[in-house]
Structures are given as structure tokens and as C-alpha cells.
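A short write-up of the structure that comes next.
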Amino acid sequence: MTRPYDGHVSGAQWLDSLSPWPREGFGLERMRALLAALGDPQDAYPAVHVVGTNGKSTATITIEQLLLSDGLSVGSTISPHVEGWSERIRVDGAEADFEEAVGRVREPAERIGATQFEIVTAAALAAFAHAGVDAAVAEAGLGGRHDATNVLRTRVVLLTNVGLEHTDVLGDTVEAIAREKLAVAKEGAIVVLPDETYAPLVAGSEVRIGGPHEAAEAFVGHPIAADPQVSLPGRLERREGEVRDGAHNPDGVRYLVERLPPGDHTVVASILADKAVDDMLRELRRVGARFVATRSSSPRALPALDLAELARRHFPLVEAVDDPGEALARAHELGEPVLVTGSLYLLGDLAQAERSASWPA
């Protein structure tokens, strides 16, 4: 439910007060009504739709950069954010004016009762139309079929990968989940898949095998020579002596571990209680023997002591430090490189603490 907007409250604060989950269940009715009230901005440009379990944000921005290198004006939207809401809406490779974008959709969003994610998605699509972009690249939020992003003039769909996630909503097998994600492939769209596994789910569509580069080339219809190196907060984010990544399920952790620079890492993590915690810890043990358990601000996060107890099944050296900032400092004392992971909430807490520390008193 959308709460009334107070003009003295920023768009970001307003969004923070809303639930990301629809009270009446998933569906596109509210989103279509909101966009109709805005003049259907999503019809002003063709789009690349990025779906999958892991790696979507990096893929989305890689495609953005490839299309920019080809001379197009590009809007892109990713989720979730780590350091601030403004990360979610970009025009031509830079963050858009987030307050202006949200303000543009506020009145109809309040009237319709749009959810947090529907509002941000509509704000992004309207901002792209306002900027007159040639193309949009949109990362799906959850699944695909009923996701608020499934309203686009989709020219290309990219599936990054498929793992077990949100099984209560998307299905309890990877094939069922893949079917929900690939439901965004509209008639005439080119579908780029990592391999042939799920090609039968998009019978009738042109299928190409590849990743972000192939998706961008499918969109423009010719090769693109650029090779952009993308860095995003919380996605294999490299800092001095540490890496931060918001992997929060076993497939995400496996994806991270396979791409992590070599080294004997000290792992500092917070994990939500409803995740496959033991499977995540088993994967994390592959990168180091030292583990510092902490607790993010999410009410669903495991207490640090409980997480430490579970970690002792896998790690020879385990400590529990409740405060995320103190936990990170302790991890650096135990030995670099440090891997910070397990929850985007944890990365957000650290980013917020760092911003606060940098503000003048």
C-alpha cells in the first residue's frame, strides 16, 4: 500500500516507508494502470530485458555501456541498490535526478496504491521517455512473468542463469523458475541464453547463445567492438584489501566464489534466517578458513552468535561480532583479503555507516 507523500519528505524517504511486496498478490494490473496514467512512457523506446538468478545488474550495465559505445542514448534500471536509491535509475551512464523521477510519478502512484518496486520502475521508465532515449535496458526484479518490468517493448531478452530462488513464488524446480523468467520474451524478441538448456521454453523465438555482449549486438544488429569493464556497488566490488558482494543464496555464492580473485580470504557475513545457510557456508569455505559472523539491520537476519555456531561446522576459526563495522574491522585484523558477503542488507549497513562517518559533525 502506498502511503500519502509528504512534500517535506524526500522521494527516497517516502520509498523507504513503503513495502516492496504487494498486499493483493503479484500481477501487472497496478503497474499497467500507473503507466497508463503517465501516458505509457514504456512505449517510447525499444528495450533489452535482463532476467536470471545472478549477475543481472552487472549484465544490465554492461549492455548499457555497449549500447552507449555504439552511439545510442540509453536508459537503464537495476535493483536492488546498495548505497542509495539513485543507483537504480541511469540515463546515458550516469544516475538520473532521482527526486525528479520519483516526483513525476508520485500522484498517480498514491492514487493507484502502487508498491515500492512498481513506483521505482515506473519512475525509471518515465525518466527514460522524458530524456528521449533510444533504448532501455531493464533488470527484472523477481521472476519475470508478473514482474513490474514486464511491460516493455522488448526487442531482446537476456537470461543470465537460473538457480533455485523465491521458490514460494516462482516454482520449486529450476525449469519452473526458468519458465517464469522467460515469460517476458514477447513475440518477435531475440532471446539470448547462456546455453541450450532452456531453449525449448522459448520455442518460436530466435535463440542465440551468449551473454551481455551478444544481447547488445542482437539489439543493434551488428558487432560491437567495445569491451567495457563494469564496477557496481556490492557486485564483486573491489576495495583495498577486500571484496564486497551481495550474494545471498547458494547459487549466488557459487557464482561469486568462481569469480573471486585468488587468495586465502577472511569471510565476514550476515545471512538471513530464511536462506539455505548451511549450503552458503559450505561454498564460502572454499575461499578461506576464517569467518566473522555479524548481523545486518534486517529483522530476518540471523543473530551473529547463531550464524557463528552454524559456521563452526565448516570453518576452523570463527568469531561473532554483532556490529557490522566492528566485524569488518576484526576481519581485516584476522587477515586480508577480506570477503564481505551474505546479504545486501549488510553491504547497505556498511555503506550507511561509512557515509555517516564522512559527514562533518
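The values are calculated or read from the model by the stated rules, or taken from the named source; none is laboratory data. Just so you know, these numbers come straight off a predicted model, no measurement behind them. Cβ sites come from the backbone with ideal geometry, for glycine too, and all protein chains shown count toward neighbours. Just the protein is used for accessible areas: all its heavy atoms, side chains included, with ligands, DNA and RNA removed. Shrake-Rupley method; radii C 1.70, N 1.55, O 1.52, S 1.80 Å.
Summary table
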{"read-out": "Candidates Glu83, Glu24, Glu95, filtered to the one that is without any contact (Cβ under 8 Å) to a residue 40 or more places away in the chain, among the acidic types (Asp, Glu) and in contact with a helix residue (DSSP H, G or I) (Cβ under 7 Å, 6 or more places away or on another chain)", "value": "Glu95"}
{"read-out": "So Asp306, is it modelled with pLDDT of 95 or more, part of a loop (DSSP other than H, G, I, E, B) and open to solvent by 30 Å² or more (accessible area, probe 1.4 Å)", "value": "no"}
{"read-out": "Region 90-111, residues that are over 15 Å from Trp14 (Cβ atoms) and open to solvent by less than 70 Å² (accessible area, probe 1.4 Å)", "value": "Arg90, Val91, Gly93, Ala94, Ala96"}
{"read-out": "Any hit, region 244-255, residues being in contact with a strand residue (DSSP E or B) (Cβ under 7 Å, 6 or more places away or on another chain) and aromatic (Phe, Trp, Tyr)", "value": "no"}
{"read-out": "Options Glu139, Glu100: the member that is touching a residue at least 40 places away in the same chain (Cβ under 8 Å), among the acidic types (Asp, Glu) and over 24 Å from Ala353 (Cα atoms)", "value": "Glu139"}
{"read-out": "Failed item, numbered, when Tyr5 is tested on (1) at pLDDT 90 or above; (2) open to solvent by 20 Å² or more (accessible area, probe 1.4 Å)", "value": "(1)"}
{"read-out": "Per-region count, region 242-298, residues crowded, with 24+ Cβ neighbours inside 10 Å, aliphatic (A, V, I, L, M), at pLDDT 95 or above and not in a helix (DSSP H, G or I)", "value": "6"}
